Structure formats: structure tokens, C-alpha cells
1. Quick check on segment B:36-84: take the gyration tensor over C-alpha atoms, sort the square-rooted eigenvalues as a ≥ b ≥ c, and tell me if it's rounded (a/c under 1.5), prolate or oblate.
2. Which ³J(HN,Hα) values in Hz, rounded to whole numbers, follow from the phi angles of segment B:78-88 under the Karplus curve 6.51 cos²θ - 1.76 cosθ + 1.60, where θ = phi - 60° and Gly and Pro get x?
3. Set the Förster radius R0 to 41 Å, insert the Cβ-Cβ distance between residue A:168 and residue A:71 as r into 1/(1 + (r/R0)^6), and round the FRET efficiency to 0.05.
4. Can you give the mean number of other chain Cβ atoms that lie within 10 Å of the Cβ atoms in peptide A:37-48?
5. Tell me, what is the FRET efficiency for residue B:11 and residue B:35 to the nearest 0.05, using R0 = 41 angstrom and their Cβ-Cβ distance as r?
6. Using a 10 Å cut-off around each Cβ of peptide B:180-188, what is the average number of partner chain Cβ atoms that fall inside?
7. Sort segment B:124-197 into rounded, prolate or oblate with this rule: let a ≥ b ≥ c be the square roots of the eigenvalues of the Cα gyration tensor; rounded if a/c is under 1.5, and if a/c is not under 1.5, prolate when a/b is larger than b/c, oblate otherwise.
8. Averaged over B:11-18, how many beta carbons belonging to a partner chain fall within 10 Å of each residue's beta carbon?
Amino acid sequence: MPCKHYKEALIEAAASGAAPSGELRLHFGECASCREAFAQEQFLFSAIDSDRHAAANAEVPASLVPRVRARLEETIAPRLGWMQPLVLASACVALAFAVFLMARPHHAAPEEVAKQGPVMVPAPTAPKTNANPEKISPSGSQIGALRVNHFQVASSNREVLVPPDEREGLAHLVATLNERRDFAVALRAQRPEKKDGLVTVDPLQISDIEIKPLEGTETETSDGAGETH
Amino acid sequence: MQELVLSQPVSTVRSELVREAARADAQREFEERLAECGPLAYRVARSVLRNTADAEDVAQEALLRAYKGFERLRDRTHFRGWLVRISFRLALDKLRSGKRREQRDTLWSQPAHLPPPLTAEDVVASNQFQNHLERALDGLPEKFRLVLLLSAMEGYTVEEIAAMIGVPLGTVKSRIFLARKKLAEKLRCHANTIKRR
Ligand SMILES: [Zn+2]
């Protein structure tokens, strides 16, 4: 057993790893018990430190980084996965839109168009509805007719792509325009004149790809069957 | 009207592409850090769990979480500190969840300056000491334990550890000193299991 007076001092000295102070060193010279206790403490701290060192510097398995990389790939791949069809869909829709703009009739003057009024053709609800065109516009003196069946296209009417959820609003607008012809004319007259050659088309994105039918062009129904007009 | 109806998704695609580009940048930068920070995460976990397979699982999980939070953790010191803490936390959770693998890795608590144990008795004695040491470590306050294991890690100075975990240098030093003393107090009565040769 070490001397009670020096016990704390020798533990502190062993813990700090520093050489014992002058007084302690002098005591060690004359007390074998404290000398032995100090050596035991040094050994204990050395065992603790050795353990910590071994644990903290264990060899890293070579598989760690590759496994993390693989799991990162798994995490990232699905995220990119939905982006690719999205971009593709945008490109397809933009292309279809560009073709539509180029193929639509250009001979009507703006005034005539205003008189004629907008004829709206919404996106198809289903390809099989082409037998019965459905008139949505309510008025008999219609400015325009809202035709659901887009496959039956045989006029020079202008066409607008209308998402299904906006058809009701469009029908309402058409009805309003039918009632207020003057408003429709004013609306058309305010549009800045644009040369067709300068029409620019931004890439677009919608969730479903729908190739819009065009006059005299071949389209594909969703079941893959081609149809010529 | 045409543009009005259809122009909104364009900005969505653009911003999504910008975000994807930023993610790709972050991924590249993160991969560069993996070489440095993978071992750090692993060693923290290994120090707590004392089992290679468990430590690897924990390090992986910590690194994946670090990747998810990488945007706001790009500063190297913050990133390391965060990674160390999350590895430490996950390792402690695993240790206490009971899901830890029973098999512990081979004996490695033998003091470096001592010759390896020669007899079966020596091995048993050393294993006993290691068990006592593990229990003593588990009884340490977490903040002491974290600093203690980081200070044993090669390649990190006390100053770096202080910066890493955002604690003053003096606090780090005193925590190391106190933690070692606490361990010694608990192990003193078992010191006879590691007889000096
Ligand atoms: Zn004495």
C-alpha cells in the first residue's frame, strides 16, 4: 500500500505521464511501497492507453468504401430514373408542339381569325371516341366549337392543346366569347403581331406523352395502331 | 393561352435539372471525402463496438446519412465533426440495442510494450481485463468517451479534435485526463489480471 499522503500525487503523475515532481521523486527514493504503487499505476494507464490506441486505429476493411459507393449508387439511381423519362417526355411534347405550330394554317388574316373565333380542340380522352364528335359549346351562334374528337380533323380551324383538367374552364371561356363577340374581337386585336418565323418553342414537360393529331399526318393511338387521315 | 397553359412545367424541368447538377457536384465532392472520412467513421464505430462487422455497418450508415446532409455540411471541419458524432451515436445505439454481434474481435488490449500472452492463463487474464475495460468505458459519460477515443486516433491532434467537435482546447484536454483517471479508478481493483512480466 502506498503512503496515504502520496497516493493522489502518484496517481496524478502516472495519469499525466509526466515525470514525478521533486518531492515525490525524493519519497520514491526512500519508500519501496510508493515506488511499486507508482509503477503499477503507470502500467494501468499504459494498458488503458494501449487498448484505446488499438481500438481507435483498427485496420479499415477494404470493402468499406466500395460498399458505401454501391449504396450511394442505389440511392441516387432511382432519383435519376424518373428524371430521364421526364426529360424525354418534355422533348417529345416540345417536338409535337413545334410540328403543330408549323402545320397549322397561316392564310387567315388576324381580323378574319377574330371573326371566325377560336376553335378549340382539347386533348383526347380516349382514342376510341373518334366516331362521335362531342360538342361542348352551348350557343347556336357559336364563335367556336369545342371538339373532343381530335382524330376527325378536316378543317382549317386553329387548334389548342388543352389538358383535361382545363377543358371545363375553356368551355366556359368559349361560351363567354360566344355571348360577347365584341370582347372576342378586342381580345384578338390586342395580341401583338408575331411573324411565324420567329415563333420559339421552349422545351415542355407533361406527365403523359400525347402526340397531337395533325391534318394529313399519321398518328399513333395509345395502343400502337397507326391511323391515317 | 397556349404558353399560359403549358409553360409552367418548363421551369419545373429547368429547376429540377439545376438541382440534379448540384446533386452531381455534391456527389463528386462527397466521393473525394470518402477516402478520408470513411476510416474516421469506421474507427469511431469500431472503438465503441469492438467488432469489425458491426463497425462497418455503422460506418456505412453514418456515411450515407452524411451524404444526405452534405449540402449543409460541406465545410470540412463541420463535416468531420458531424460524421464523428453520428458514427458515435449510431455505434452507441447499436451497442445498447442488443443487436450487436456476440463475437468480439480478437484480443487487442494487450499493452504495446508487453510481450504477447504466452499461456492460456495469460489470455484469460487479458480477456478479463478487456471485459472490465469495456464495462468501464460504457460507464463513462458520452462526452468523455468520445474525446477519449478521438484522442487515441492517429493523425488528429488535440487542437484538431477541439475544432472537430466544437469544444475549447482546454476542455478537450481536461476531458481526456479525467476520463483516463475514471477508467483507472474502475480498473485498479482488476489490475492484478494484467500482471506485469
Ligand atoms: Zn510511501
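Computed from the coordinates by the stated procedures, all read-outs in this text should not be read as laboratory data. This is a predicted model, so every value here is computed, not measured. Note that each Cβ is placed from the backbone with ideal geometry, even for glycine, and that neighbours are counted across all protein chains shown.
1. The shape class here is prolate.
2. Result, rounded to whole Hz: 4, 5, 4, x, 5, 5, 4, 5, 5, 5, 4.
3. Given R0 = 41 Å and the Cβ-Cβ separation, E is 0.30.
4. Average per residue, whole number: 6.
5. That gives a FRET efficiency of 0.60.
6. Mean shielding by partner chains, rounded to a whole number: 5.
7. The shape class here is prolate.
8. Rounded to a whole number, the mean comes out at 3.
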